[in-house]
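The structure appears below as structure tokens.
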Amino acid sequence: MELLNKTAIITGVSKGIGLATANMLLENGVKVAGWSRTEPNLKHKNFHFVQVDVSNNDSVVKGYQQTIALFGKKIEILINNAGLGFEGLFEEMSDNDWHQMFKTNVDSIFYCSRLVIPEMKVMDTGHIINISSIAGTNGIAGMAGYCGTKHAVRGISQAMFKELRNFGIKVSVIYPGSVKTNFFDDIDSVTTSDNMMMPKDIASTILHVLSTPPNYHHIDIEVRPLRPKGK
């Protein structure tokens with residue numbers, strides 16, 4: 001895809017991977033609507049913050065209406081990046097934490113994607129990128145709920161890809177290993193370090209995936225730090 005003057009929605013834009021991706025796409029001429037509950041520290045003529053709680057469908061619909069008022073209905077790129085995780089033993093996980101993870105990590109993909117797909121079909125082009133995790137490819141003790149959400153992202157994305165490929169719409173999934181972000185602030189079993197990948201590393205992968213030729217389609221991309229514990 002030629003990125004200059006394309007329009008993109010990025011969820012979870014307030015920090016981490018979402019913010020790094022917004023900056024990188026803006027540097028490459030993309031017009032970005034950044035969706036999150038908290039406004040990021042980002043000023044750019046082609047960046048528009050839209051306050052959205054992606055776990056709430058009414059908020060998503062309102063945010064989409066605000067976005068198309070800015071860009072029109074031609075949203076060519078959707079990056080479903082918003083996500084959160086809670087650590088805890090399976091039998092000790094609270095109902096609230098369990099449901100909040102599924103609402104934010106899984107329901108949001110449904111809420112956001114179904115709004116942009118019809119017009120992408122009309123345009124005969126589009127790219128949806130869903131951010132999963134290596135937790136979406138295997139189980140992690142103490143993270144059953146989070147793993148469940150990220151496995152769901154994988155299955156949903158595989159089905160979306162098969163439904164949409166003949167309409168010229170790409171669906172790609174990225175499975176990052178450990179990334180140095182605020183995600184780990186409430187995960188007691190993990191201490192962040194500079195040996196982890198950085199948000200800009202994942203953003204560079206997103207940029208590469210978006211920039212590929214029209215008939216070249218990445219489906220699943222797993223990325224990990226080379227030396228997670230250093231030398």
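Which one is surrounded by the most Cβ atoms within 10 Å (Cβ to Cβ), of the residues in the range 79-132 that are within 28 Å of N23 (Cα to Cα), without any contact (Cβ under 8 Å) to a residue 60 or more places away in the chain and aliphatic (A, V, I, L, M)?
Filtering the range 79-132 for residues that are within 28 Å of N23 (Cα to Cα), without any contact (Cβ under 8 Å) to a residue 60 or more places away in the chain and aliphatic (A, V, I, L, M), the one surrounded by the most Cβ atoms within 10 Å (Cβ to Cβ) comes out as I109.
Can you pull out every residue in the range 74-119 that is over 14 Å from the mean Cα position of the chain (by Cα), in a helix (DSSP H, G or I) and within 23 Å of M24 (Cα to Cα)?
Listed by number, the list holds a single entry, V116.
Quick check: is even one residue across the range 125-136 under 19 Å from Q100 (Cα atoms), out of contact with any His (no Cβ under 7 Å at 6 or more places or on another chain), part of a loop (DSSP other than H, G, I, E, B) and not hydroxyl-bearing (S, T, Y)? If you could, list the steps in order and put the result at the bottom.
In the first step, residues of the range 125-136 are kept if they are under 19 Å from Q100 (Cα atoms); the result is 130-133, 135-136.
Subset that is out of contact with any His (no Cβ under 7 Å at 6 or more places or on another chain): 130-133, 135.
Okay, now just the ones that are also part of a loop (DSSP other than H, G, I, E, B), so 132-133.
Adding the requirement that they be not hydroxyl-bearing (S, T, Y) leaves none.
No - not one qualifying residue is present in the range 125-136.
In this structure, does F161 turn out to be hydrophobic (A, V, I, L, M, F, W, C), within 22 Å of D58 (Cα to Cα) and part of a helix (DSSP H, G or I)?
In short, no.
Working carefully through the options V32, V61, V54, find the one that is of a type in the set (V, I, T), in contact (Cβ under 8 Å) with a residue 40 or more places away in the chain and surrounded by 21 or more Cβ atoms within 10 Å (Cβ to Cβ).
Result of the check over V32, V61, V54: V54.
Of all residues in the range 153-212, which are of a type in the set (S, T, Y), surrounded by fewer than 14 Cβ atoms within 10 Å (Cβ to Cβ) and either modelled with pLDDT of 95 or more or touching a helix residue (DSSP H, G or I) at 6+ places or on another chain (Cβ under 9 Å) (or both)?
Answer for the range 153-212, where residues must be of a type in the set (S, T, Y), surrounded by fewer than 14 Cβ atoms within 10 Å (Cβ to Cβ) and either modelled with pLDDT of 95 or more or touching a helix residue (DSSP H, G or I) at 6+ places or on another chain (Cβ under 9 Å) (or both): T191, S211.
Any idea which of (1) among the aromatic types (F, W, Y); (2) exposed (fewer than 15 other Cβ atoms within 10 Å of the Cβ); (3) at pLDDT below 95 is the one F71 doesn't satisfy?
(2)
Can you pull out every residue in the range 222-231 that is surrounded by 10 or more Cβ atoms within 10 Å (Cβ to Cβ) and either closer than 16 Å to A152 by Cα or charged (D, E, K, R) (or both)?
The answer is E222, R224.
Which one of these does V60 not meet: (1) at pLDDT below 95; (2) in contact with a Cys (Cβ under 7 Å, 6 or more places away or on another chain)?
V60 satisfies every listed condition except (1).
Counting only residues that are touching a residue at least 40 places away in the same chain (Cβ under 8 Å) and in a loop (DSSP other than H, G, I, E, B), which one in the range 199-223 is nearest to I77 (Cα to Cα)?
S211
Out of M1, M24, report the one residue that is within 19 Å of I128 (Cβ to Cβ), of a type in the set (A, V, I, L, M) and touching a His at 6+ places or on another chain (Cβ under 8 Å).
Step by step, each of M1, M24 is checked, and only M1 is within 19 Å of I128 (Cβ to Cβ), of a type in the set (A, V, I, L, M) and touching a His at 6+ places or on another chain (Cβ under 8 Å).
Can you tell which of G88, G18, G34 is under 24 Å from C147 (Cβ atoms), at pLDDT 95 or above and not aromatic (F, W, Y)? Please lay out each step first, then the result.
Values: G88 fails: at pLDDT 95 or above; G34 fails: under 24 Å from C147 (Cβ atoms).
Answer to the check: G18.
The values are calculated or read from the model by the stated rules, or taken from the named source; none is laboratory data. Fair warning: this is a prediction, and the values are worked out from it, not measured in the lab. Cβ atoms come from the backbone with ideal geometry, glycine included; neighbour counts cover every protein chain shown.
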